[in-house]
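Chemist: Pasting a structure below so you can have a look.
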Amino acid sequence: MLFFVDAMLGNIARKLRLFGYDTEYFSDIEDHELLEKAKNENRTIISKDGCLIRRAKKKGIQFIGITTEDEIEQFKEILKKTNLEINKISGDLARCTKCNFQTFQIKKSEIQNKIPKRVLDYHDKFWKCGGCDQIYWEGTHIEKLQEFVQKIKCFI
């Protein structure tokens with residue numbers, strides 16, 4: 001599935017990208033542009049904006065209306081309407097959280113001068129974004145995200 005997440009749900013967009021789902025997100029896009037892009041690219045809109053949802057429905061664009069503030073509950077709402085697989089977050093599947101491009105594994109020797117030495121000392125696997133060249137590794141933040149995944153999986 002392809003998604004377009006509106007500006008109110010940036011954390012949802014980043015997490016969907018970490019799960020490997022192609023998720024467009026712009027914090028400053030006008031509704032009419034978002035609707036047009038979603039329709040042209042066959043993306044499902046995820047939004048809390050009732051007006052945007054009504055306009056998407058009128059135009060025949062797939063949508064998921066989010067009604068809660070809690071992020072876990074928001075993911076539950078998404079899972080109720082989709083057949084997404086929410087598994088362990090892995091650099092091998094994740095997309096860039098900044099620009100949505102796919103990442104690819106890169107050798108440690110190729111990035112030695114681009115990340116802190118302490119990171120190089122503690123990690124062996126690294127990924128690079130094919131779009132913005134951002135470098136990723138599975139640091140301690142991934143452990144917290146895995147806890148988030150476990151809470152979601154209780155729902156599945």
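The values are calculated or read from the model by the stated rules, or taken from the named source; none is laboratory data. Only a predicted model underlies this, so the values are computations on that prediction, with no experimental measurement involved. Neighbour counts are summed over all protein chains in view; Cβ atoms, including those assigned to glycine, are modelled from backbone coordinates with ideal geometry. Side chains included, ligands, DNA and RNA excluded: accessible areas come from the protein's heavy atoms. Shrake-Rupley method; radii C 1.70, N 1.55, O 1.52, S 1.80 Å.
Chemist: Carbon and sulfur: what percent of region 47-120's accessible surface (1.4 Å probe)?
Modeler: Solvent-exposed carbon and sulfur of region 47-120 make up 46 percent of the total.
Chemist: May I ask for the angle, rounded to the nearest 10°, between helix 71-81 and the longest principal axis of the chain, with both axes built from Cα atoms and the value confined to 0 to 90°?
Modeler: 60
Chemist: Enter the accessible area of Cys51 (Å², nearest 10), with the probe set to 1.4 Å and all protein chains included.
Modeler: 70
Chemist: Ok, one more. What do you reckon, how do Phe104, Phe26, Phe75, Phe19 stack up by accessible area (1.4 Å probe), largest on top?
Modeler: Order by accessible area, largest first: Phe104, Phe26, Phe19, Phe75.
Chemist: Right, next: Kindly write out, for region 53-67 in residue order, the coupling ³J(HN,Hα) from the Karplus curve 6.51 cos²θ - 1.76 cosθ + 1.60 (θ = phi - 60°), rounded to whole Hz, with x marking Gly and Pro.
Modeler: My calculation for region 53-67 gives 4, 4, 5, 5, 4, 4, 8, x, 8, 4, 8, 10, x, 9, 10 Hz in order.
Chemist: I'd like the per residue volume of the convex hull spanned by the Cα atoms of region 19-78, given in cubic angstrom.
Modeler: Working: hull volume 5.5 nm³, N = 60.
Spelled out: Cα convex hull of region 19-78, divided by residues, is 92 Å³.
Chemist: In degrees between 0 and 90, to the nearest 10, how far off the longest principal axis of the chain does helix 140-153 point, with axes built from Cα atoms?
Modeler: 40
Chemist: Top to bottom by accessible area (1.4 Å), largest first, where do Arg118, Arg14, Arg95 land?
Modeler: Accessible-area ranking of Arg118, Arg14, Arg95, largest first: Arg118, Arg14, Arg95.
Chemist: Could you report region 8-139's accessible area per residue, 1.4 Å probe, as an integer in Å²?
Modeler: Roughly 59 Å² per residue, with all protein chains present.
Chemist: Mean residue ellipticity at 222 nm from the helices of the chain, using -39,500 (n - 2.57) per DSSP H segment of n ≥ 4 over the full residue count, to the nearest 500 deg cm²/dmol?
Modeler: -11000 deg cm²/dmol
Chemist: Turning to a different aspect of this structure: Checking the cross-link filter: which aspartates and glutamates have an alpha carbon closer than 18 Å to that of Lys153, excluding same-chain neighbours under 8 positions apart?
Modeler: Asp70, Glu71, Glu73, Glu77, Glu85, Glu143
Chemist: If you find the alpha carbon centre of region 10-35 and of region 81-121, how far apart are they in angstrom?
Modeler: Result: 18 Å between the Cα centres.
Chemist: Which entries of Lys88/Lys114; Lys128/Lys151; Lys59/Lys98; Lys58/Lys81; Lys48/Lys144 show an alpha-carbon separation above 23 angstrom in the structure shown? List each step's numbers first, then the result.
Modeler: Values: Lys88/Lys114 27 Å; Lys128/Lys151 28 Å; Lys59/Lys98 29 Å; Lys58/Lys81 19 Å; Lys48/Lys144 25 Å.
Violating the 23 Å Cα-Cα cut-off are Lys88/Lys114; Lys128/Lys151; Lys59/Lys98; Lys48/Lys144.
Chemist: State the percent of C-alpha pairs, over all pairs in region 1-136, separated by a distance greater than 21 angstrom. Walk me through the numbers on the way to the answer.
Modeler: Working: 4259 of 9180 pairs.
Beyond 21 Å sits 46 percent of the P(r) for region 1-136.
Chemist: Just order 82-93, 34-45, 123-134 by mean Cβ neighbour count inside 10 Å, highest at the front, would you?
Modeler: Packing proxy ranking, top to bottom: 34-45, 123-134, 82-93.
Chemist: What is the antiparallel percent of DSSP beta bridges lying wholly in the chain, to the nearest 5?
Modeler: 45
Chemist: If amide hydrogens are placed 1.01 Å from N in the peptide plane, which non-local residues have theirs closer than 5 Å to the one on Ile64?
Modeler: So Ile64 has HN proximity to Ile45, Ile46, Ser47.
Chemist: Something else now. Towards the positive end of the charge dipole of region 10-156, with charges on Cβ (+1 Lys, Arg; -1 Asp, Glu), say which of Tyr136, Phe101, Pro116 has the farthest Cα.
Modeler: Phe101
Chemist: Once the Cα atoms of helix 31-40 and of the chain are each reduced to a long axis, what angle between those two axes, in degrees from 0 to 90 to the nearest 10, is obtained?
Modeler: Helix 31-40 sits at roughly 80 degrees to that axis.
Chemist: Right, something else. Per q in 0.11, 0.18, 0.22 1/Å, what log10 I(q)/I(0) does a Debye calculation on the alpha-carbon atoms of region 66-156 return?
Modeler: -0.40, -0.89, -1.11
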